[in-house]
Amino acid sequence: MEKQKLSTKQLFLVASLIFGMFFGAGNLIFPVQLGQMSGSNWLPAVAGFLLTGAVLPFLAMLAVALTRSNSVYDIAKPVAPWFGTVVLVAIHFTIGPTIGTPRTAATAYEMGVAPLVPAQYQQLAMFLFSAVFFGLAYFLTVKESNLMKWVGKYLNPLFLGLLALILVAGLVLPMGDLHQHAAAAYQTHASFQGVLDGYDTMDGMALLALAVSVVYAVRALGFSDKNVPAVLAKSGLVAILVESAIYVAVVLLGVSSLGTMSAAPNGGAAFSQIITHYAGNVGILATGVVVTLAVFTTAMGLFVSFAQDLHRVFPKVSYLFWLRVIAVGAFVSANAGLTNIITWSVPVLLLLYPYVLVLTFLGVLNKWVKQDAVLYRFVVAAVTVPAFLDALAGSPLKELSFVATPVAYYHEVVPLAAHGFGWILPAVLGVVAAFAYKFVQRLTAK
């Protein structure tokens, strides 16, 4: 019998699944780094960060719910079926075997294992660690039904308990006050920089892709397709509120740490140093446990959503095959090193996020938009050039003259382009152009 009412227990179980799948090491290391970099300007910085790190993922969840989509393919399909396929493949390979999933194991290794391994054995240790990490993730996701059991019920609560101990220690016994020096990028445009920092978590993109796994889990609880959107919206809100509270706590931890130590070169090092400050030699082990639990739950969610979505779009290729693709691909990419992964992720994210954002907003407004193909096509076309220019501006190619010239012109002419938001005005103009086109069509039809 299909269920109609969401119980409190089910609400928190689904919320735990949602939270556990997209809250990983990046959601720890980027906020603590933001705290150290923003200093006394932490409030506008964290406000901007929450827009793309918390509000956007919630909107993505709502977009999936309100359009009754089963995957990111359904979200993008109104533009054209081929575009839906391209977006699905691009997002899944980005958060899957090339960047997002490899980053889970690489971050866990850098923060929890590397400090314990002699320099000459680092590569071998990373090889063995990533093999066990992704091998276990593959084993636990071979049967799709295992996801709710392992992520929602066991691993995620354990991770939250360990993280709570660290945050309570940091906030009860602060390392300094909140009046600390802010880095140059956060002195005048802290909120803008915070929004861009939120991109790095990849949560907005991940929620569009991971929603398929949540939909399956909700259906497994006995809810009909008609009730799935409401369950997703309520559970997603709970997950996002918890995430936001953790973000603020971690940012404050990063700011106060400047009272005792200098800003670390990256969030991973900062988090390790803070834990070591409170826990001494045990701190390194604690870091490894917490981060590995965080990223492992994320990796499991990425494994399942990658295999499910690509199997749905390419039904002749089995779920198990795609699961093997992400397991092997992530293992190979992870061994390229965390620094290389992060470096190459910047232009990719700057290219994809404008598409993710406009598709999310159109999905949230589906009551009025109704997945209108004309509107979708005009808006997506309008953000295409800015998306590619943003990607070039964030890539190693930006130093080349034939790239630097058009990028400089773009930054000078298009409002907000210099801050990484040059796609906003074109998107609005795309909406206006779509309505104008439809108006002219109605007139000529008469």
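The values are calculated or read from the model by the stated rules, or taken from the named source; none is laboratory data. Predicted, not measured: the structure shown is a model, and the values here were computed from it. Because the Cβ atoms are built from the backbone with ideal geometry, glycine has one as well, and the counts that use them run over all protein chains shown.
Those residues that are out of contact with any His (no Cβ under 9 Å at 6 or more places or on another chain), surrounded by fewer than 17 Cβ atoms within 10 Å (Cβ to Cβ) and touching a residue at least 24 places away in the same chain (Cβ under 8 Å), I need them from segment 410-434; list them, please. L429, the sole residue that qualifies.
For A65, are the conditions met, namely being under 30 Å from S256 (Cα atoms) and assigned by TED's automatic domain parsing to the domain that holds I166? Considered against the rule, which asks whether it is under 30 Å from S256 (Cα atoms) and assigned by TED's automatic domain parsing to the domain that holds I166, A65 comes out as no.
Among the criteria (1) closer than 22 Å to E110 by Cβ; (2) within 17 Å of the chain's Cα centre (by Cα), the one Q36 does not fulfil is (2).
Across segment 6-28, what is the total count of residues that are farther than 13 Å from G198 by Cβ and in a helix (DSSP H, G or I)? Matching residues across segment 6-28 total 15. Checked against the criterion of being under 22 Å from A307 (Cβ atoms) and either modelled with pLDDT under 90 or part of a helix (DSSP H, G or I) (or both), segment 32-55 contains not a single residue that satisfies it.
In the list Q10, Q36, which residue meets the criterion of being of a type in the set (S, T, N, Q) and crowded, with 24+ Cβ neighbours inside 10 Å? Criteria check complete, one pass: Q36.
So for segment 105-116 (the condition being more than 17 Å from N266 (Cβ to Cβ), modelled with pLDDT under 85 and more than 24 Å from the chain's Cα centre (by Cα)), does at least one residue qualify? Yes, because at least one residue in segment 105-116 is more than 17 Å from N266 (Cβ to Cβ), modelled with pLDDT under 85 and more than 24 Å from the chain's Cα centre (by Cα).
Of the candidates L147, L160, L171, the single residue that is closer than 28 Å to T360 by Cα, part of a helix (DSSP H, G or I) and modelled with pLDDT under 85 is L147.
Residues in segment 178-211 that are within 10 Å of the chain's Cα centre (by Cα) and of a type in the set (S, T, Y) were compared, and the one that is farthest from M261 (Cα to Cα) is Y199.
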